[in-house]
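Have a look at the structure below before the remarks.
The values are calculated or read from the model by the stated rules, or taken from the named source; none is laboratory data. These numbers come from a predicted model, not from an experiment. In this analysis, Cβ positions are derived from the backbone assuming ideal geometry, glycine residues included, and neighbour counts consider all displayed protein chains.
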């Protein structure tokens with residue numbers, strides 16, 4: 001929060017809550033931070049029902065009531081549309097794009113200048129490898145990112161936390177993840193990378209910390225020029 005100056009006085013923050021344990025804990029964290037922060041900001045949780053499961057909105061409402069946080073649930077058909085795109089070959093890409101664009105639009109409609117996402121340390125590392133393996137570039141998600149000429153910022157308050165920390169917090173808070181009804185949830189490129197990395201972590205538990213540290217310790221003189229090598 002301090003390293004990246006994620007929040008400022010008067011911020012209106014849209015919480016992007018998928019129903020997963022990460023975004024639920026993030027919502028609790030920012031609500032908890034409200035009580036002790038020397039600044040004033042407002043929160044609105046938003047859940048986009050992607051159109052896969054009938055029970056999802058009801059289960060989301062239960063979790064929002066546990067948190068006691070203002071919320072809205074919007075029903076969409078983004079998931080089913082994405083599954084039809086390119087005969088389902090790039091469903092995750094199309095679904096994520098539609099979800100992201102709608103969150104940005106909602107932030108504007110609700111007068112929010114920041115969107116909070118529940119990505120954590122492992123997500124940031126996985127994104128690095130996803131971009132290397134499948135896009136041929138060195139990049140990842142950053143804890144704070146300004147968009148639209150600074151009119152909107154993405155913040156990731158859980159960026160330094162590991163998944164185990166988040167699960168432990170969830171037990172204390174009393175929130176339960178809403179099952180992901182997406183048929184591709186365990187068949188994505190991210191899940192493939194996650195399995196690979198978890199196997200490596202089990203062999204050497206220092207690897208996770210070393211990879212994360214490397215993201216802030218880049219030696220540009222020892223990287224190739226952009227045009228010097230192409231696959």
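Figures for the structure shown
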item: Lone unmet requirement of (1) surrounded by 13 or more Cβ atoms within 10 Å (Cβ to Cβ); (2) assigned to a loop (DSSP other than H, G, I, E, B); (3) touching a helix residue (DSSP H, G or I) at 6+ places or on another chain (Cβ under 8 Å) for residue 169; result: (2)
item: All positions within the stretch 97-111 that are surrounded by 13 or more Cβ atoms within 10 Å (Cβ to Cβ) and part of a helix (DSSP H, G or I); result: 97, 98, 99, 100, 102, 103, 104, 106, 107, 108
item: Sole exception among (1) out of contact with any helix residue (DSSP H, G or I) (no Cβ under 9 Å at 6 or more places or on another chain); (2) touching a residue at least 24 places away in the same chain (Cβ under 8 Å); (3) assigned to a helix (DSSP H, G or I) for residue 153, by number; result: (3)
item: Conditions (1) assigned to a loop (DSSP other than H, G, I, E, B); (2) under 18 Å from the mean Cα position of the chain (by Cα); (3) over 30 Å from residue 62 (Cα atoms); number of the one not met by residue 158; result: (3)
item: Strands (runs of 3 or more DSSP E) (entirely within the stretch 1-88) containing at least 1 residues that are touching a residue at least 60 places away in the same chain (Cβ under 8 Å); result: 12-16, 42-49
item: Residues (over 20 Å from residue 1 (Cβ atoms) and touching a residue at least 12 places away in the same chain (Cβ under 8 Å)) located in the stretch 102-117; result: 102, 103, 104, 106, 108, 110, 111
item: Criterion: in contact with a helix residue (DSSP H, G or I) (Cβ under 7 Å, 6 or more places away or on another chain), modelled with pLDDT under 95 and crowded, with 17+ Cβ neighbours inside 10 Å - qualifying residue of 120, 94; result: 94
item: Candidates 74, 146, filtered to the one that is at pLDDT below 95, surrounded by fewer than 15 Cβ atoms within 10 Å (Cβ to Cβ), in contact with a strand residue (DSSP E or B) (Cβ under 8 Å, 6 or more places away or on another chain) and under 30 Å from residue 9 (Cα atoms); result: 74
